[in-house]
Amino acid sequence: MNIWQPDPGETLLGRAPVTFATGAAPRVKGLRWFRDTDRNDIQGELPGWPEGPSLTARSTGAAAAQSSLKGAATAAGVAVMAFLSSAGGNISTPSDDSGSDTPDDPPNEVEDFPVMWAAPDTIARTLPWQLDPGRFDHKHHRTHAIVTDRRLVIVSLPFDKKNLEAIDDEVLWQCPRTDISSVELKDFKDGNDFKVTFADSSWCRLTCVWRRALTRYLVHPPDLLSLESLHAKQRATVAKFTEEAGVPDSVTPIITRNPCGHYNVDVLPPDQFTSSFGSSEESLVMDSGGQEVNVEDYHPEDF
């Protein structure tokens, strides 16, 4: 088993499965493209990429028909649910308040759906082809994004739903944090997408079911505190917490100070990594005196 680990002095901040995103609007539903800045298809120009499907956006009429069929199916489903509910059934429907039916970038979300926007010799063109569900077998493999305080890393690993703890990472790509200009959450439609813009203005659109946990340290780069910067009582509290969580000494705690004065301490134990979910957090909130804060006493920014 080979689990990617940060270098000494580097802090692991998050890890989760990612792929290139997929269109959701009727005209581009299930589709994605790789574009230059003139909106030309560049997938055939990307070095080392295997040949992929040639895709064409649906015509306006076909898109409207698909939208009408989806609307009719949704209406029928709502009618059935209403009938079952009126008949005494205990029916609930899932919701995701992070998604939106309103595109904030119609040219790139409704009319077209580029997941790579890159002039020649730009960073986005170096991304690995394994991120593309149209080229890589994501039934038996996964691609994970790993975020540290120094870099963004993409790895591939086998996926076996009967053995999620089996991780054998292969590094496909990485870039330093200084090459990332911004990270923007994209809520249309399901609220799982995010856009990474690089320092040379090229960008990519990725998707991750756990995107907030993965991107929170990318959207707003954290001001991390070292264990040595804490006073003795705080260090003792952190040491007790990591010991009880079974965290090895090689894992650096993620320590941040909230505006309210409380401290968030998160650790990502390697023995809790899975190919399906990525990393899992063990978390502690403590006050300025080093006392653990009970959940009922959390401030809004502690969550």
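The values are calculated or read from the model by the stated rules, or taken from the named source; none is laboratory data. Worth saying up front: this structure is predicted, and the values here are computed from it rather than measured. Neighbour counts are summed over all protein chains in view; Cβ atoms, including those assigned to glycine, are modelled from backbone coordinates with ideal geometry.
Restricting to strands (runs of 3 or more DSSP E) lying wholly in region 190-303: which have 1 or more residues that are in contact with a Leu (Cβ under 9 Å, 6 or more places away or on another chain) and either closer than 20 Å to VAL153 by Cβ or assigned by TED's automatic domain parsing to the domain that holds ALA16 (or both)? Reasoning before the result, please.
On the way: elements: 193-198, 203-207, 254-257, 263-267, 282-286.
Output list reads 193-198, 203-207, 254-257, 263-267.
Look at ASP41 and say whether it is modelled with pLDDT of 95 or more and of a type in the set (D, E, K, R).
yes
Return a yes/no flag: does region 219-237 have any residue that is among the polar types (S, T, N, Q), free of Cβ contacts under 8 Å to residues at least 60 places away in the same chain and within 30 Å of THR19 (Cα to Cα).
Within region 219-237 (the criterion being among the polar types (S, T, N, Q), free of Cβ contacts under 8 Å to residues at least 60 places away in the same chain and within 30 Å of THR19 (Cα to Cα)), the answer is no, since none of the residues qualifies.
Of the residues ASP287, ASP297, ASP249, ASP302, which is touching a strand residue (DSSP E or B) at 6+ places or on another chain (Cβ under 9 Å), at pLDDT below 95 and more than 25 Å from ALA145 (Cβ to Cβ)?
Exactly one of ASP287, ASP297, ASP249, ASP302 is touching a strand residue (DSSP E or B) at 6+ places or on another chain (Cβ under 9 Å), at pLDDT below 95 and more than 25 Å from ALA145 (Cβ to Cβ), namely ASP302.
Please specify each residue of region 167-187 satisfying the condition of being part of a strand (DSSP E or B) and farther than 18 Å from MET116 by Cβ.
ASP168, GLU170, VAL171, PRO176, LEU185
Does SER156 satisfy the criteria of being farther than 25 Å from ALA24 by Cβ, modelled with pLDDT of 95 or more and surrounded by fewer than 16 Cβ atoms within 10 Å (Cβ to Cβ)?
It is false that SER156 is farther than 25 Å from ALA24 by Cβ, modelled with pLDDT of 95 or more and surrounded by fewer than 16 Cβ atoms within 10 Å (Cβ to Cβ).
In the set MET81, MET116, which member is outside any helix (DSSP H, G or I) and either modelled with pLDDT of 95 or more or not assigned by TED's automatic domain parsing to the domain that holds CYS208 (or both)?
The conditions single out MET116.
How about region 1-34: which of its residues are surrounded by 19 or more Cβ atoms within 10 Å (Cβ to Cβ), of a type outside the set (Gly, Ala, Ser) and not in a loop (DSSP other than H, G, I, E, B)?
LEU12, LEU13, ARG15, PRO17, THR19, PHE20, TRP33, PHE34
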